[in-house]
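*Asks:* Sharing a structure, written as structure tokens. Questions coming.
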Amino acid sequence: MPAVAKAGVQMRAKLWRARGQIILVVMGLGLAQVTSGVTSAIRPQPGRDFGTRLQEAMILAVPGQVIELPEGRFELSDGLSLDVDGVILRGAGMHKTVLSFQGQRRGSEGLLIMSDQVTVEDFGIEDTRGDGIVARSVKEVTFRRVRTEWTGGPNVANGSYGIYPVQSRDILIEDSVVVGASDAGIYIGQSENVVIRGCHTEYNVAGIEIENSERVDVHQNSVAHNTGGIAVFILPNLPRKTGKQIQILDNKIWENNTPNFSPPGNAVASLAPGTGIHIIAGKVVSILRNKIGQNNTVNIAVMAYTAEFEDKEYNPFPHSILIAGNTHGESGHYPAGELGRLLRRRTGVPVPDIIWDGVVPLREWIFGAEVEERLYLNEGMDTSFANLRTMSERLFPWPVAVDRQMAEYRGTRPLPPSVRLPQDVRTGKSAARKE
Amino acid sequence: MRVVEVLLVLLGSSPWALAGEVDLDALMAAEPAKRLSEYRLFEELRTQQPSVGLLPYTVATELFSDYAIKKRYVYLPFGTAASYHETEVFKFPVGTVLVKSFGYPRDLRETEEIGRLIETRLLVRLPGGWRALTYIWNSEQTDAFWSLAGALVDVAFTDSSGVRREATYVVPNQNQCKSCHSFNQTLAPIGPKARNLNREYSYSSGNENQLEYWKASGYLKGLPELTEVPPSVSWKDAEASLESRARSYLDVNCAHCHREEGAASHTGLLLTYGEEKSLSLGVRKRPVAAGRGSGELKFDIVPGKPEESILVYRMKSTKPAVMMPELGRSLVHEEGVSLIEEWISELENRSVGGLSFNGRSTRTTNGISPFEMLW
């Protein structure tokens, strides 16, 4: 038995390509189980009731099985769900295999993933009533070359999130496309160890949103025509209290000026149109080498969470935000939304490239910032900046001008290690560039 | 039944060895039976006459399922017993089967019998964990057939106020069972908890408290004195307080997901009967991932204002991605909505808190803003 078990562990690396007689590994137990007969791909046939056939295939799949979706456009009225580990759900291409949920009558999302080590790739999901693809409380899930799109363009009736891992870990989202989400295109909620790379997110309210998550690398994505490009928030009253180590590297964050079409009452409703990157209470966020421009309100805004909160463990202040080596295109000429109004009043137009609200705990306002909590700015000489000096403005009865000096923020700190995912380790892919 | 047991044991056999006994092997088999009859859970399928060993039970407050009548049964293999737990589902031994049949009589005013059977769901306790199955009844009502993909069944009935209703009843697919029956991502039962079972049932031998009957029948061990068992509150009990009725309703209709171990834990909205923090219960709590489901409202519960409360908005909806619960209903439970609206209306100027069964409650706390923070 031990020899078979060892062979099983080695075979696991080739599992996705194996045909014919294979050794199935029961995930997590390290045991090996020999199947007699063939575990080839399931291919649900197109035609009437395709959705039912596909859902049955997803229920009957064995761990590690491939489900191949045919080329074509399919209308589904019920959301799909997957609860089998290791399944690969693969279409013929994000524009060639299209699951349309325009007639969706039941289910809150297009596809709900509840199992581990799942890969979804090469298909498109359109017009779901709620979220596109949700992965809840799972490990090692990969989204590759998938598209979730609301084909009518920005609309408050569109679903909230395109690709939504929540309370999960070891998530890879690569080369995927999200268009039209009324909250966030790619939304990482209360998760850890996540890589988002090579994706296009357009015409969403937030192109990419990272909330209360830890160790997330966002690199080489194209984020354009959203209300706001990339949001990194830490919010109170969530089961996962905090987050840190978010790296935003080598992205293009351009022309994010779409009006905010999210339903009022959600956190993202406060995102001002024309925002490139918005940090609220983020911790250890590194923003490096991005091209950020043509955002009408501001390229980068770093702020505290300023609403009242009851959560005793919550820290509302941004800590250790490093902004370096970015190329800033023209921005801040038409500030909009509540943030835009504030900036118009405090900095005037055009709004500087980088804004910090200067909201700090009173101790810090008096004595200065702790090293591990401060802001680090290493941008080119022609980058503009303003510290809004909100604390002084609130406390002093006379007008307080913003402070545009960047010199005192020069400095650097070590970067957290790049996120290494089990999926990437297996396939030998390289992680985000560090230096 | 106990006398019969004793006699048969003396005669060298057990009640479970009689013809018409439940087929435990079929239940434990790797492949589920195609037809419900194969399990021999019922002596007579159409009338739902249970086999020996299959014990009927009821719960104090039911999950709303489009006004369907639901009949519940539990089977434990001979010589095994469930372990009592004060607040959570009892720990059931391998071989337990929980059975729930859903049906519609023609007129809900006239009967509480199940009428036309739609589906029978099973939760089977296998060695590796629970398995969920559903069986859909044929129109002849002679048998029910295992369904993977679920089904849509048109139903028509007269409701308890005399109104004629039509609905498309949804039989869930096998994956959807786990959407609600999920405790720390593992499939688990929801109903058989002390506070749901602690009530009387009219057995053939007379009325008796269910928990005590289970204990006497050998189905339950570890039951303390009834005075130590959490009391049962029915959402319909006019003698019970509004608070306990509303909390019981939320516990049963929402808290399978809206609890720390449930599928909606990421929202921070926690609605179990024992939840004490008013913010977790939704009072002045902002939505986390509701999207359009927030109905443009700002808080889950606004004390005194049900019309501004997202909770009520979602209970009143039947649209995908807005309605709550997400699965399990297609109609609005009007009586339940009224109860919750009344409860929220009365919340003004009252503290909201948990109602552990000794009646303790806690006050709301005050918020702080970063401008008031020293460090």
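*Asks:* Mind checking the dipole of the protein assembly as shown: about its Cα centre, +1 per Lys or Arg Cβ, -1 per Asp or Glu Cβ, Debye to the nearest 20?
*Replies:* The dipole magnitude comes to about 1520 debye.
*Asks:* On average, how many beta carbons from a partner chain sit within 10 Å of the beta carbon of a residue in B:280-292?
*Replies:* 6
*Asks:* Return the whole-Å distance between the Cα centroid of the range B:188-239 and the Cα centroid of the range A:54-124.
*Replies:* Each part's Cα centre sits 43 Å from the other's.
*Asks:* Using the Cα centre of chain A as the reference point, and only Cβ charges (+1 on K/R, -1 on D/E), how large is the resulting charge dipole? Debye, rounded to the nearest 20.
*Replies:* Dipole of chain A, to the nearest 20 debye: 880 debye.
*Asks:* If we count every other residue with Cβ under 15 angstrom of A:Ala401's Cβ, Lys/Arg +1 and Asp/Glu -1, where does the sum land?
*Replies:* +3
*Asks:* While we're on this one: Search the structure for amide H atoms under 5 Å from the amide H of A:Val298, placed 1.01 Å from N in the peptide plane, and list their residues when 5 or more places away or on another chain.
*Replies:* A:Thr275, A:Gly276, A:Gly332
*Asks:* For the range A:288-409, give me the percentage of DSSP beta bridges that are antiparallel, rounded to the nearest 5 percent.
*Replies:* Around 5 percent of the beta bridges assigned by DSSP in the range A:288-409 are antiparallel ones.
*Asks:* Further question: The range A:245-279: which residues show an accessible-area loss of 30 Å² or more, assembly versus chain alone, 1.4 Å probe?
*Replies:* Correct list: A:Pro263, A:Pro264, A:Gly265, A:Asn266.
*Asks:* Do any residues of the range B:312-335 show a loss of at least 10 square angstrom of accessible area between the isolated chain and the full protein assembly, using a 1.4 Å probe, and if so which?
*Replies:* B:Pro320, B:Ala321, B:Glu326, B:Leu327
*Asks:* So, one more: To the nearest hundred square angstrom, how large is the accessible surface buried between B and A, total for both chains, probe 1.4 angstrom? Before the final figure, lay out each step's value.
*Replies:* On the way: alone 18960 and 18550 Å², together 33390 Å².
Buried: approximately 4100 Å² between A and B.
*Asks:* Further, regarding this structure: Less than 11 Å Cβ to Cβ from B:Ala68, Lys/Arg counted +1 and Asp/Glu -1: what total charge do the surrounding residues give? It would help to have the intermediate numbers written out before the result.
*Replies:* Values: positive: B:Lys70, B:Lys71, B:Lys100, B:Arg116, B:Arg329; negative: B:Glu62, B:Asp66, B:Glu119.
Result for the neighbourhood of B:Ala68: +2.
*Asks:* Per-residue HN-Hα couplings for the range B:234-248, Karplus 6.51 cos²θ - 1.76 cosθ + 1.60 at θ = phi - 60°, whole Hz, x for Gly and Pro?
*Replies:* Karplus values, whole Hz, x for Gly and Pro: 8, 4, 9, 6, 5, 7, 7, 5, 4, 4, 6, 5, 5, 5, 5.
*Asks:* Let me ask something else about it. Of A:Lys312/B:Lys305; A:Lys283/A:Lys312; B:Lys91/B:Lys178; A:Lys139/B:Lys178; B:Lys100/B:Lys319; B:Lys70/B:Lys319, which pairs sit farther than 20 Å apart, going by alpha carbon to alpha carbon?
*Replies:* Violating the 20 Å Cα-Cα cut-off are A:Lys312/B:Lys305; B:Lys100/B:Lys319; B:Lys70/B:Lys319.
*Asks:* In the protein assembly as shown, what percentage of the DSSP-assigned beta bridges are antiparallel, given to the nearest 5?
*Replies:* 35 percent
*Asks:* Please average, across the residues of A:301-312, the number of beta carbons from any other chain that are within 10 Å of each residue's own beta carbon, and give a whole number. Show your work: numbers first, answer last.
*Replies:* Values: counts 0, 0, 0, 4, 2, 3, 4, 8, 6, 10, 5, 2.
Whole-number average of other-chain Cβ neighbours for A:301-312 is 4.
*Asks:* Calculate how many DSSP beta bridges within chain A are antiparallel, expressed in % of all such bridges and rounded to the nearest 5. Walk me through the numbers before you get to the answer.
*Replies:* On the way: 5 of 116 bridges.
For chain A, the DSSP antiparallel bridge percentage is about 5.
*Asks:* Same structure again: Rounded, prolate or oblate for the range A:227-287? Axes are the square roots of the Cα gyration tensor eigenvalues, ordered a ≥ b ≥ c, and the cut-off for rounded is a/c under 1.5.
*Replies:* The shape class here is oblate.
*Asks:* Follow-up. Work from the charge dipole of the range B:148-266 (Cβ charges, +1 for Lys and Arg, -1 for Asp and Glu, about the Cα centre) and give the residue of B:Gln174, B:Asn207, B:Ser241 farthest towards its positive end.
*Replies:* The residue sitting most towards the positive pole is B:Gln174.
*Asks:* Further, regarding this structure: Rounded to the nearest 20 debye, what is the charge dipole size of the range A:37-167 about its Cα centre when +1 sits on each Lys and Arg Cβ and -1 on each Asp and Glu Cβ?
*Replies:* Dipole about the Cα centre, nearest 20: 140 debye.
*Asks:* Among residues other than A:Val178 whose Cβ falls under 10 Å from its Cβ, what is the net charge (Lys/Arg +1, Asp/Glu -1)?
*Replies:* For residues surrounding A:Val178, the net value is -1.
*Asks:* Give me the accessible area per residue for the protein assembly as shown, probe 1.4 Å, as a whole number in Å². Walk me through the intermediate numbers first.
*Replies:* Details: 33390 Å² over 810 residues.
Result: 41 Å² per residue.
*Asks:* Of all accessible surface on chain B at a 1.4 Å probe, what whole percent is carbon and sulfur?
*Replies:* Carbon plus sulfur share of accessible area: 50 percent.
*Asks:* Further question: Short version: ³J(HN,Hα) in whole Hz for each residue of the range B:178-188, in order, from phi by Karplus 6.51 cos²θ - 1.76 cosθ + 1.60 (θ = phi - 60°), x for Gly and Pro, what are they?
*Replies:* 6, 4, 9, 7, 10, 10, 6, 6, 10, 5, 8
*Asks:* Give me a comma-separated list of calculated 3J(HN,Hα) values for the range B:161-167, in order, Karplus coefficients 6.51, -1.76, 1.60 applied at θ = phi - 60°, integers in Hz, x for any Gly or Pro.
*Replies:* For the range B:161-167, the Karplus-derived couplings read 9, x, 8, 6, 10, 10, 8 Hz, x marking Gly and Pro.
*Asks:* List, by residue number, every residue in the range A:99-145 with a reduction of 20 Å² or greater in accessible area between the chain on its own and the complete protein assembly, 1.4 Å probe.
*Replies:* Buried on complex formation: A:Arg105, A:Arg106, A:Gly107, A:Ser108, A:Met114, A:Arg129, A:Arg136, A:Ser137.
*Asks:* Here is a follow-up. Counting only protein heavy atoms and a 1.4 Å probe, tell me what percentage of chain A's accessible area is made up of carbon and sulfur.
*Replies:* Working: 8680 of 16570 Å².
The C+S portion of the solvent-accessible surface of chain A is 52 percent.
*Asks:* Could you list which residues have their amide H under 5 Å from that of A:Gly159, counting only those 5 or more apart in sequence or on another chain, with H placed in the peptide plane?
*Replies:* Here the answer is A:Ser182, since their amide H atoms fall under 5 Å of that of A:Gly159.
*Asks:* Near the amide H of A:Thr97, under 5 Å away, which other amide H atoms are found, from residues 5 or more places off or on another chain, if H is placed in the peptide plane?
*Replies:* The answer is A:Gly72, A:Ala92, A:Gly124.
*Asks:* For chain A, with a Gaussian network of springs between Cα atoms less than 10 Å apart, report the residue from A:Ser176, A:Ser286, A:Ser392 with the top mean-square fluctuation.
*Replies:* Of the options given, A:Ser392 has the highest mean-square fluctuation.
*Asks:* Accessible surface of A:Arg73 in the full protein assembly, 1.4 angstrom probe, to the nearest 10 Å²?
*Replies:* Near enough 130 Å² of accessible area.
The values are calculated or read from the model by the stated rules, or taken from the named source; none is laboratory data. Everything numeric here is computed off the predicted structure, so don't read it as measured data. Ideal geometry is used to build each Cβ from the backbone, glycine not excepted, and the neighbour counts take in all protein chains shown. These accessible areas exclude ligands, DNA and RNA; they are computed on the full protein's heavy atoms, side chains included. Shrake-Rupley method; radii C 1.70, N 1.55, O 1.52, S 1.80 Å.
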